[in-house]
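Undergrad: One structure, as structure tokens, below. Some questions next.
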Amino acid sequence: MAGQILRLEQAQSLLLDRVKKIEETEAIPLWDVEGRVLAEDIFAGHDQPPFPRSPLDGYAVRSEDIAKASKECPVRLTVIDEVNAGCVSRRCVTSGTAVRIMTGAPIPKGADCVVGQEDTDYGEAVAEFYEVIGAYENYCYAGEDYKAGTKLLSKDMALGSVEAGILASLGLKQVKVYRRPRVAVLTTGDEILLPGETLLEGKIYDSNLYTLVTRLTTLGMNVVRTGRLGDDAKDVAAWIEETKKQADIIVTTGGVSVGKKDIMHDVVKRLGCERIFWRVAVKPGMPTLCAQYQGGLLICLSGNPFGAAVNLELLVRPLLGKMSQKKELMLKRSQAVSESTFPKKSTVDRYVRAYYEDGKVRIPNGSNASGILSSMCGCNCLIELPAGTPRLSEGDRVWVILL
């Protein structure tokens with residue numbers, strides 16, 4: 001299919017067939033688990049809590065001692081000890097005694113309930129009790145959260161803050177996860193300068209590098225190398241050759257059309273890549289070029305900023321989702337009612353930057369041209385206009401891809 005113009009679904013399928021779930025693992029600290037995928041089942045090594053504990057501040061007592069307590073006829077018990085969270089009382093609660101206890105502290109032996117301090121006179125040596133509390137009321141059992149041996153987290157599940165808390169409750173400092181996909185990004189073009197350089201006549205600053213790298217980082221990828229080169233096929237080929245062992249996917253921008261300076265076709269030949277396809281029937285970004293290079297993928301996007309951003313979402317993001325097992329990276333579509341018009345006829349599938357909220361979608365002011373980035377600010381979706389759509393009118397129902 002290397003010479004055909006492919007439908008988007010065909011291009012996506014060809015690329016997805018070339019990647020696999022990453023099986024390599026690494027141990028990382030709990031601070032870093034957000035968004036990572038667990039590579040092992042996690043079992044509890046102990047009961048949680050490891051001991052019966054008090055859920056409130058009050059007194060640990062025997063329920064039979066306060067079975068007839070009331071405001072009118074309080075029960076008086078001798079306070080034999082005080083225990084705070086993190087400490088253990090060595091005293092045993094026996095008939096006529098109580099232990100002052102704080103929230104989270106282990107309930108001492110002999111006690112089968114806790115009376116909240118608000119139902120007492122807060123006595124220190126002797127305390128009065130005004131409320132009947134039944135056996136094992138206000139009593140958190142050992143293992144109330146989980147028992148030793150329980151499987152708490154399953155292999156291949158996504159991790160977040162709650163899972164980090166569970167792992168910490170097990171006393172773990174690290175956990176085994178799958179490594180993240182490694183991506184390298186190279187922007188090309190004699191006309192581009194890096195921010196901080198003097199803006200010369202005929203030059204522009206490189207927005208693509210920062211747009212793509214920031215987006216990949218947001219998606220949870222490991223960006224292992226970045227670069228910017230001019231329109232020299234030899235230099236670009238050398239950069240890719242140097243990078244191939246570091247990255248699963250190399251993404252480039254620029255040089256993919258048919259002009260004199262569109263060098264990526266020559267680069268693919270110089271490297272001996274297997275060309276998978278060139279050109280996808282979408283706007284923006286039709287001249288996307290993709291190739292296989294020594295086990296990794298080379299994805300060459302349009303140099304136009306909006307075209308590069310769109311096709312990172314449409315073509316690269318699903319690959320990263322499959323490789324990383326992060327389901328949230330797969331493309332998500334939703335139906336919406338358009339609050340805007342778009343006058344152009346769509347001869348191929350067209351993607352229009354937009355803002356989606358509560359089942360409605362609107363197109364921002366400004367141009368939707370491939371070379372325009374500023375009007376994408378604040379957008380959270382792409383309106384999908386299938387080939388043959390004459391124009392978009394207000395009130396039309398459309399499909400959107402959520403970003």
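Read-outs: derived from the displayed coordinates by stated rules, not from any lab. Since this is a predicted model, take the numbers as computed values, not measurements. All Cβ positions, even for glycine, are placed from backbone atoms using ideal geometry, and neighbour counts span all protein chains on display.
Undergrad: Quick one: check the C-alpha center-to-center distance for the stretch 328-356 versus the stretch 211-283, whole angstrom.
TA: 27
Undergrad: State, to one decimal in nm, how far the label point of CYS92 lies from the label point of GLN325, with both points 7 Å from Cα in the Cβ direction.
TA: 5.0
Undergrad: What's the extension gain from ALA238 to GLU137 if we count 0.36 nm per residue and subtract their Cα-Cα distance?
TA: Contour length minus Cα-Cα distance gives 29.1 nm.
Undergrad: Rounded to the nearest 5, what is the percent of antiparallel bridges among the DSSP beta bridges in the stretch 58-129?
TA: Just about 70 percent of them are antiparallel.
Undergrad: Multiply the residue gap between GLU124 and SER70 by 0.36 nm, knock off their C-alpha separation, and tell me the result in nm, one decimal place. Intermediate results must be reported in sequence, preceding the final value.
TA: Numbers: separation 54, 0.36 × 54 = 19.44 nm, distance 1.93 nm.
Result: 17.5 nm gained on full extension.
Undergrad: Please sort by residue number the trypsin sites (Lys or Arg not before Pro) in the stretch 43-138 whose DSSP state is loop and whose Cβ has at most 13 other Cβ atoms within 10 Å.
TA: Those satisfying the criteria are LYS68, LYS71, ARG90.
Undergrad: Hey, got a sec? Which GluC sites (Glu not before Pro) in the stretch 86-171 land in a DSSP loop and have at most 11 other Cβ atoms within 10 Å? Let's see the in-between values first.
TA: Numbers: sites: GLU118, GLU124, GLU128, GLU131, GLU137, GLU144, GLU163; in loops: GLU124, GLU131, GLU137, GLU144.
In loop regions of the stretch 86-171 (DSSP not H, G, I, E or B), the sparsely surrounded GluC sites (Glu not before Pro) are GLU124.
Undergrad: Also, I was wondering about something else. Can you list the equivalent-ellipsoid semi-axes of the chain, largest first and in whole Å, using the square root of 5 times each Cα gyration tensor eigenvalue?
TA: Semi-axes (√(5λ), whole Å): 64, 25, 18.
Undergrad: Between GLU23 and HIS46, what FRET efficiency comes out of the Förster formula 1/(1 + (r/R0)^6) with R0 = 41 Å and r the beta carbon distance, rounded to 0.05?
TA: Working from the Cβ atoms, E equals 0.85.
Undergrad: Give me the one-decimal nm value for the distance between modelled label points at ALA387 and GLU191, 7 Å along each residue's Cα-to-Cβ direction.
TA: If labels sit at ALA387 and GLU191, their model points lie 2.8 nm apart.
Undergrad: When the chain is fully extended, how far beyond the present Cα-Cα distance does LYS344 get from CYS377, taking 0.36 nm per residue of separation?
TA: Contour length minus Cα-Cα distance gives 9.7 nm.
Undergrad: Further question: For a 23 Å ceiling on Cα separation, which of these pairs sit above it: LYS203/LYS345; LYS20/LYS332; LYS21/LYS283; LYS176/LYS326?
TA: Result: LYS203/LYS345; LYS21/LYS283 exceed 23 Å.
Undergrad: Residue-wise, which Karplus ³J(HN,Hα) couplings in Hz belong to the stretch 333-344, taking 6.51 cos²θ - 1.76 cosθ + 1.60, θ = phi - 60°, and x for glycine or proline?
TA: Karplus values, whole Hz, x for Gly and Pro: 10, 9, 8, 8, 9, 6, 9, 10, 10, 9, x, 7.
Undergrad: Read phi for every residue in the stretch 166-182 and hand back ³J(HN,Hα) as whole Hz from Karplus 6.51 cos²θ - 1.76 cosθ + 1.60, θ = phi - 60°, with x for Gly and Pro.
TA: Each residue of the stretch 166-182 in turn: 5, 4, 5, 5, 8, x, 7, 9, 9, 8, 8, 10, 6, 5, 7, x, 9 Hz.
Undergrad: Contact order normalised by length for the stretch 332-402, with contacts defined as Cα pairs under 8 Å and 6 or more residues apart; what percent is it?
TA: Values: 159 pairs, mean separation 34.9, N = 71.
Computed over the stretch 332-402, the figure is 49 percent.
Undergrad: Which angle from 0 to 90°, rounded to the nearest 10, does the C-alpha axis of helix 233-243 make with the longest principal axis of the chain?
TA: 20
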